[in-house]
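The structure appears below as C-alpha cells.
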Amino acid sequence: MVTFMKHRQSVDAADLRRRLRPCGLLLAAGLLAGSSALAETTEAVKPPPTPQSWILLQSTTHSNGVPIVYPTGTPQVTVRITEIPPGVDTGVHNHPIPLVTYMLAGELTIRGVSGAVHVYKEGDAFVETAEFHHGANEGKKPVRLLAVYAGEVGAPLSIKPPQ
C-alpha cells in the first residue's frame, strides 16, 4: 500500500507538471512581451527635464567696492552686446547707472583712474566700477560682452569725464 501511495503521488506530480507547462510558457511569453511594454511605460513616466539656473554674480557693490545705488526716476533696463576688437580701447568713461557685465568671449582689461586694474575673461560676470575707467582689449581675439544697465528713462548709459 505504501508503494501504491508513492506511485500515486508521482503520477499526480507528473500530471500537474504536464498541465502547468503550457501555463508556464504563456506566463514566460507574457513577461517577455510585457518587458518592452514595461520599458516604454517607464520611459513615458519619466519626469520631464526641468530648467536649471546658476548664479553668475550677486553683489551689493560695484567692482571697486562702492555701494550700488539705483536711479529714482522711471525704471528702464537696457541690455546690449558690445564687441571690442583686439588693440582697441573704449576711452575714459563712467556709468551713472548700475551696469552688470557678462563676458561672452575674449579678455578685457579695465583700468580705473585711481590706478586699479581688473582683467575679466570669458565666463566672468561683474558690476562695472563706479569710478571713471577705460576698457582695453589687449588680447588677440575680439572681446564680446553682454551689458545689462539698470537705469531710468533719459539717463545716459555712459558719460565722458568733465573737461
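Below is a table of values for the structure above.
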quantity: Elements of type strands (runs of 3 or more DSSP E) in segment 84-163, at least 1 residues being of a type in the set (Gly, Ala, Ser) and either surrounded by fewer than 18 Cβ atoms within 10 Å (Cβ to Cβ) or touching a residue at least 24 places away in the same chain (Cβ under 8 Å) (or both); calculated: 99-105, 107-112, 125-127, 133-136, 143-152
quantity: VAL77 being free of Cβ contacts under 8 Å to residues at least 60 places away in the same chain and either loosely packed, with under 13 Cβ neighbours inside 10 Å or under 23 Å from PRO161 (Cβ atoms) (or both); calculated: no
quantity: Subset of segment 46-64 (residues that are part of a loop (DSSP other than H, G, I, E, B) and surrounded by 11 or more Cβ atoms within 10 Å (Cβ to Cβ)); calculated: LEU56, LEU57, SER59, HIS62, SER63, ASN64
quantity: Those residues of segment 69-83 which are of a type in the set (S, T, N, Q), assigned to a strand (DSSP E or B) and in contact with an Asp or Glu (Cβ under 8 Å, 6 or more places away or on another chain), in sequence order; calculated: GLN76
quantity: Qualifying residue in segment 66-86 (condition: more than 22 Å from ILE159 (Cα to Cα), at pLDDT 95 or above, in the same structural domain as VAL148 (by TED's automatic domain parsing) and of a type outside the set (S, T, N, Q)); calculated: yes
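The values are calculated or read from the model by the stated rules, or taken from the named source; none is laboratory data. These numbers were taken from a predicted model, which means no experiment stands behind them. With ideal geometry, Cβ positions are generated from the backbone for all residues, glycine too; neighbour counts draw on all protein chains shown.
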